[in-house]
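Okay, so here's the structure we're looking at.
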Amino acid sequence: MQKIILDKYEQEIEDAIANGEYSSVSKSEFKKTKQIFVEAAKNYFEIKKSKSITLRVKNEDLITVKSKAKGVGIPYQRIINMLINGYANNRIKLAV
């Protein structure tokens, strides 16, 4: 009989199983948990996608953003995206 050589991670799993750190679940519990992870994976990939939007802005503001973007050598769309991302992630605060 050939002995299987496990890497460190695999050996940790084998040891945990041997020590009773894992337990079996029913088929229905497994299906429910699997569905949660399938939905989470779908949501993850959906979140990572970019989305095209149509946005109305004052022409004066757009000209200013384009000018500033040209001055730093990056596309103006990237600046707008950075502003949206900064606001969405609480790095930019609005004074309203």
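The values are calculated or read from the model by the stated rules, or taken from the named source; none is laboratory data. Please read these numbers as outputs of a predicted model, since none were measured by experiment. Every residue, glycine among them, receives a Cβ derived from its backbone with ideal geometry; neighbour counts consider all protein chains shown.
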> So which of 51, 3, 68, 58 ends up being at pLDDT below 95 and either more than 29 Å from the chain's Cα centre (by Cα) or surrounded by 11 or more Cβ atoms within 10 Å (Cβ to Cβ) (or both)?
Replying inline: 3
> All but one of (1) part of a helix (DSSP H, G or I); (2) free of Cβ contacts under 8 Å to residues at least 12 places away in the same chain hold for residue 65; which doesn't?
Replying inline: (2)
> Going through the range 18-35 one residue at a time, which ones are part of a helix (DSSP H, G or I) and either exposed (fewer than 10 other Cβ atoms within 10 Å of the Cβ) or of a type in the set (D, E, K, R) (or both)?
Replying inline: 18, 27, 28, 29, 31, 32, 34
> Just to be sure, is residue 83 surrounded by 11 or more Cβ atoms within 10 Å (Cβ to Cβ) and either more than 28 Å from the chain's Cα centre (by Cα) or touching a residue at least 60 places away in the same chain (Cβ under 8 Å) (or both)?
Replying inline: no
> In the list 9, 44, which residue meets the criterion of being over 30 Å from residue 80 (Cα atoms) and among the aromatic types (Phe, Trp, Tyr)?
Replying inline: 9
